[in-house]
Structure formats: C-alpha cells, structure tokens
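Novice: First the structure, then my questions, so here it is.
The values are calculated or read from the model by the stated rules, or taken from the named source; none is laboratory data. Given the structure is predicted, the values throughout are model-derived calculations rather than measurements. When we count neighbours, we look across all protein chains shown, and the Cβ atoms used for this are built from the backbone with ideal geometry, even at glycine.
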Amino acid sequence: MSTSATPPLQPFAIRFGADNATLEPQGPTLQRRMSDLEGLFADRRAWEQAVADGDPVVYTVVSSPVPETARELPQSITTIFPGDTGGEFWMTKGHQHPDPQGEIYLGLEGHGGLLLFDGERAEWLDISPGVIGYIPPGWAHRSVNVGDEPYRFLAVYPGSAGHDYGWVLTHGMGLRARRSADRVELVPFGTPAGTAGPTARSH
Ligand code: PAN
Ligand code: ZN
C-alpha cells in the first residue's frame, strides 16, 4: 500500500522551450525583484539604490505541474539575470530544505555558481551548460550568475523537502561572490562590501 499523502501522478512528458525557458505543461511561476531580496546583499545602501532605481527583476522560477508533495519529484527552471549590487553578483535568496533531502541542478545556459553551506563549511561549484551540481542533504544552497548573460538551470528536488528561507538570514551562506575585474572573488560572508580580506579566493 502506498504511504504517500497523495496518489502519484500518471507518467507524462514535459517539453522545455529553450528559447524563453517555458515548460509545457507549466505549473507555478514566480519572479523575484530586488525588493524581494532585502537583507541579502552585503551593501545595504546599494540594495536600497537598486530598489529605488526601478526595482529590477533579479530572477524568475518556472515550475512544472508536479506538486511539492511526498514522493513526487518536482522540477523548476531558474533564470538569474546578469548584474551586481555593490559588486556582489545577482543571486537567488538561497534556502535550506527543512526535511534534509538532496537535490540536483543541471546548467542550461550562461555561467553560474552554486554556493553550498552546511553551517560550518562553504563550497562553490562552477555551473555551466551540461554540468550537474549535486546538493547533498543538509547543505543550504544559493545560485549566483557570474556571467554577462542570463544564467539558467534546471533543479530537481524531492517534493517533501520544503524551503526554509529564514535559515540563510540567520546563518548566512559562508561566502559571497563578488565581481573583481573579470574574475569571481569569493569573500567571507561577513566581509563588508569592497574590503575583501586576505582569505579571499579567486575563481
Ligand atoms: C530551486 C530554487 C530556485 C530559486 O528550485 O528554489 O533556484 O531559489 P530560491 O528558492 O533560493 O529563491 C531549489 O533549490 N529548489 O529546492
Ligand atoms: Zn533547494
């Protein structure tokens, strides 16, 4: 007997429209504007200015109709637009899965990074088209666009994992990704904008 809360869906195909990142059939979609990212960029003044200067869309998420329920395997396509705020590359809010379950990302377009933080250790994975990033259970994750084009990736995750955004506000993400000439500079999370310390790492 099935122990799932809802009966599994019937098999079905989902068509990905590469030109404009549509899914057919399509489920919920959302867009995150700069004003939705309060408290996430190190340089609060630069964030306030960006909100005042038109409050741009930083990223969008398009989901398939697979529900976020136990034993299902929902998918979504995230597109992060290129830019930086106070030198910090545009990024997703980042979250922890309250039910610690793994997830995979597949790079589709552009160049990004997958920042992972388990509360003590931070890791950075370079993601480009064709690269799969694995997020182990218990690692908070945030995606960053480090290129000049939109960065797009597919995410596949267990339907019962959940999304805790408060965890990142409390614990941080270990590192921040900053624009430095034509490189990505990873600096300690608490370092104020523009004052990268000696432990900064370049990629
Ligand atoms: C992804 C993310 C998506 C948007 O589908 O939810 O990239 O990032 P935030 O949720 O941090 O705003 C995922 O990791 N799902 O579990
Ligand atoms: Zn996730």
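Novice: With the condition kept exactly as written, say whether any residue in the range 55-70 is within 23 Å of residue 183 (Cα to Cα), within 14 Å of ligand 2 (Cβ to nearest atom) and under 14 Å from the mean Cα position of the chain (by Cα).
Specialist: Yes, because at least one residue in the range 55-70 is within 23 Å of residue 183 (Cα to Cα), within 14 Å of ligand 2 (Cβ to nearest atom) and under 14 Å from the mean Cα position of the chain (by Cα).
Novice: Regarding the range 104-113, can at least one residue be identified that is surrounded by 15 or more Cβ atoms within 10 Å (Cβ to Cβ) and within 11 Å of ligand 1 (Cβ to nearest atom)?
Specialist: Yes, the conditions are met somewhere in the range 104-113.
Novice: Follow-up. Based on this model, can you work out whether residue 105 counts as within 24 Å of residue 26 (Cα to Cα), hydroxyl-bearing (Ser, Thr, Tyr), within 16 Å of ligand 2 (Cβ to nearest atom) and not in a loop (DSSP other than H, G, I, E, B)?
Specialist: Spelling it out, residue 105 is indeed within 24 Å of residue 26 (Cα to Cα), hydroxyl-bearing (Ser, Thr, Tyr), within 16 Å of ligand 2 (Cβ to nearest atom) and not in a loop (DSSP other than H, G, I, E, B).
Novice: Could you identify the single residue in 75, 31 that is at pLDDT 95 or above, surrounded by fewer than 17 Cβ atoms within 10 Å (Cβ to Cβ) and within 27 Å of residue 102 (Cβ to Cβ)?
Specialist: Just a single option satisfies the conditions, and that option is 31.
Novice: State all residues of the range 108-122 that are within 11 Å of ligand 2 (Cβ to nearest atom) and farther than 15 Å from residue 167 by Cα; if no residue qualifies, say none.
Specialist: Hit for the range 108-122 is 114, nothing else.
Novice: Among 99, 182, which is the only one that is modelled with pLDDT of 95 or more and either among the acidic types (Asp, Glu) or surrounded by 15 or more Cβ atoms within 10 Å (Cβ to Cβ) (or both)?
Specialist: Just a single option satisfies the conditions, and that option is 99.
Novice: Here's something else I'd like to know. Which one of the conditions (1) modelled with pLDDT of 95 or more; (2) more than 30 Å from residue 22 (Cβ to Cβ) does residue 151 fail to meet, given that it meets all the rest?
Specialist: All conditions pass for residue 151, except number (2).
Novice: Where residues in the range 126-171 are small (Gly, Ala, Ser), within 14 Å of ligand 1 (Cβ to nearest atom) and part of a loop (DSSP other than H, G, I, E, B), which of them is surrounded by the fewest Cβ atoms within 10 Å (Cβ to Cβ)?
Specialist: Once the filter is applied, the top-ranked residue is 138.
Novice: Still on this structure, I have one more. For residues that are within 9 Å of ligand 1 (Cβ to nearest atom), outside any strand (DSSP E or B) and under 15 Å from the mean Cα position of the chain (by Cα), tally how many sit in the range 71-102.
Specialist: Going through the range 71-102 one residue at a time, the tally reaches 4.
Novice: While we're here: Does any residue of the range 53-64 turn out to be modelled with pLDDT of 95 or more, over 19 Å from residue 184 (Cα atoms), of a type outside the set (D, E, K, R) and away from ligand 1 (no atom under 15 Å from the Cβ)?
Specialist: Yes; the residues of the range 53-64 include at least one that is modelled with pLDDT of 95 or more, over 19 Å from residue 184 (Cα atoms), of a type outside the set (D, E, K, R) and away from ligand 1 (no atom under 15 Å from the Cβ).
Novice: Going residue by residue through the range 23-42, is there one that turns out to be among the β-branched types (Val, Ile, Thr) and either farther than 23 Å from residue 160 by Cα or touching a Phe, Trp or Tyr at 6+ places or on another chain (Cβ under 6 Å) (or both)?
Specialist: No, the range 23-42 has no match at all.
Novice: Got a sec? Which of 150, 129, 74, 98 is away from ligand 2 (no atom under 16 Å from the Cβ) and touching a residue at least 60 places away in the same chain (Cβ under 8 Å)?
Specialist: Only one candidate qualifies: 150.
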